[in-house]
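The values are calculated or read from the model by the stated rules, or taken from the named source; none is laboratory data. Since we're looking at a predicted model, the values are computed, not measured. In case anyone asks, the SASA skips ligands and DNA or RNA and just uses the protein heavy atoms, side chains included. Shrake-Rupley method; radii C 1.70, N 1.55, O 1.52, S 1.80 Å.
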Amino acid sequence: MNLDREFPLKFYINLGPAEDRRRRMLNLFLDHGLSVERLPAVSKRHVQSARGHWDKGRYALALTQKLALREGRRRGATAVLVFEDDVVLHPQWKKRVAALELPEDWGIFYFGCQHLERPVAVSPGIVKVENVWDLHAFAVKAEYYRRVMSVLSPMGRGTKEVWLDPSDRAIATLLKEIPAYAAWPNLAWQGREDSSLAQGWVNDNYTGDGLQRRWLDAVDAVAGVDGVMREEGARCPVNASPCGEAGGLEGHRGRQDARPTRGRGVTFSRFRPLHWQPSGMDVGLGDRIRGLAGMLVFADLAGRTLRVPWVKTEACPGNFNEVLSVSGVEVAANDTDWHRMSSGQIDHQFWYNVVPEDLWKQLHKGWFLTGQVTQEAFMERWRKRLEGFRPAGETRRNVTKLLRREKREGLLGLHIRRTDALSDGWRGLGRGAAARLDRELLAALRERWREGCWSKIVLACDDEPTAERWLALLAKEGMPVIFHRKNWNRKALRQTTLVDAGTDLFLLSRCGAIVASIMGSFCWMASMMGGIPLQVVSGAEAKVGTTPEEGRP
């Protein structure tokens with residue numbers, strides 16, 4: 001390929017204040033013998049609204065990319081090649097590019113990208129793409145300028161709703177109608193540095209050799225492509241990689257095996273351990289346990305050890321090892337430990353509070369699962385995982401001390417959630433409903449107590465005045481109580497420590513049944529961990545159930 005003949009107009013987009021990046025790009029192009037014009041990027045400070053994009057920054061980026069294509073059309077260029085100013089070029093860029101031969105029907109060409117679906121080998125060093133992310137080095141042929149510009153266009157002025165995908169995803173929607181190809185292996189990729197769009201987030205989708213690594217679906221999408229290229233004689237003849245090994249994935253089996261591992265109905269590439277960075281971690285203990293069990297199921301199916309961060313937050317004020325003992329997981333207690341443990345490698349992100357049925361549905365669409373793992377099988381594994389959770393540290397000592405001589409069959413758990421339940425509109429309760437809620441709960445408790453098989457009530461409560469009132473009420477009813485005394489902090493979002501909350505959780509899980517005032521992850525996880533019935537008395541979902549399908553928050 002003659003780069004100047006194929007792409008007569010070449011831009012790199014760069015913000016005015018980013019002088020360090022501008023100097024780096026000039027040196028980079030000089031090193032590789034490239035003549036590239038600077039296209040001043042539109043700043044998000046100069047746009048009044050996001051115009052239907054995710055935010056002003058993404059709108060500004062899409063507008064800049066659109067301006068590059070518009071300039072190509074104005075000058076009558078047969079194609080435009082656009083670089084972002086955080087791009088890294090292969091050390092043998094010039095030699096490898098010269099060995100490529102573009103297909104005649106090409107419309108979009110990626111010198112580097114992240115494949116989300118398996119590409120198809122078509123010629124030495126070139127694959128046909130199906131679905132990709134990233135636009136750090138991409139080209140568009142003149143006949144497709146208008147079509148690509150159309151998906152980068154903003155919506156009407158004053159638009160507040162989010163409708164438009166980021167520009168890389170928007171262009172990816174055209175790949176079924178515009179012939180799109182990419183260099184294989186990547187000849188350009190994003191460097192590891194702070195993102196201009198997502199402040200505080202570091203681009204780490206690629207290794208230092210240009211391999212895609214962050215998302216498991218992306219890693220699996222390219223597993224084995226090197227072998228196919230070699231078998232079909234379509235491999236780029238220049239085989240040296242930046243580290244001096246064979247190019248592409250096959251030269252890096254120490255970190256990533258291109259051959260998929262098949263077994264137990266699932267196909268994964270071998271990549272141990274599984275680094276899972278949950279997003280939205282500011283949730284409580286019940287939600288974290290629920291999500292952790294789901295992550296562990298996928299780690300088990302892949303035969304990997306799960307690695308996750310467990311950071312103290314206001315909603316979850318404590319460390320993992322103070323409360324939980326779980327097999328198959330390594331936990332980082334802070335951001336520093338997590339970075340050391342993961343080395344910047346993240347295989348997937350997901351919400352802690354995602355319900356397991358939804359997790360299965362999302363991942364079964366092709367993110368992880370390529371075999372047949374039914375929802376029922378996944379849910380059964382999830383339940384088994386929860387039953388294997390054990391208390392740790394001071395939590396274990398508290399539970400052992402309180403239940404030393406007690407038998408599960410005689411204990412009836414009582415969970416009263418109060419600190420946020422009465423102000424949660426989703427649950428259909430107001431603060432004036434407290435008295436009604438207590439009456440309903442007491443009536444249900446009396447009915448269960450009359451069954452005659454219970455010897456004691458295990459009381460778990462997150463609010464000090466409510467706990468004291470119920471201790472007095474249960475004493476008046478003649479119901480013996482087991483209660484873990486706590487150090488209350490009534491000014492905090494969570495009035496107890498995580499150890500206190502974990503103690504209540506495991507105490508409930510060791511009962512024969514649970515009666516709860518409000519359906520929530522805390523009582524739900526206690527019932528799942530103990531494999532015991534849960535009766536929810538009040539709230540928008542007042543149900544009795546032993547499975548998430550029957551009594552789900």
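Of the residues V326, V120, ranked by 1.4 Å probe accessible area with the largest first, the sequence reads V120, V326.
Taking every alpha-carbon pair in segment 55-119 and binning the separations at 5 Å intervals from zero gives 3, 11, 16, 23, 23, 16, 6, 2 percent.
In segment 1-155, the DSSP beta bridges split such that about 60 percent are antiparallel, to the nearest 5. The shape of segment 32-85 can be summarised by an equivalent ellipsoid whose semi-axes, obtained from the alpha carbon gyration tensor, come to 24, 13, 9 Å from longest to shortest. Among the listed pairs K401/K486; K44/K176; K10/K141; K128/K176, those whose Cα-Cα separation exceeds 19 Å are K44/K176.
In the context of the full set of protein chains, segment 106-149 has a per residue accessible area of 29 Å² (1.4 Å probe).
For segment 1-124, count all C-alpha to C-alpha pairs, find those more than 24 Å apart, and express that count as a whole percent of the total. Of all Cα-Cα distances in segment 1-124, 36 percent exceed 24 Å. E440 sits with roughly 70 Å² accessible to a 1.4 Å probe, with DNA, RNA and ligands left out of the calculation.
Sorting H32, H90 by solvent-accessible area of protein heavy atoms yields H32, H90, largest first, with a 1.4 Å probe.
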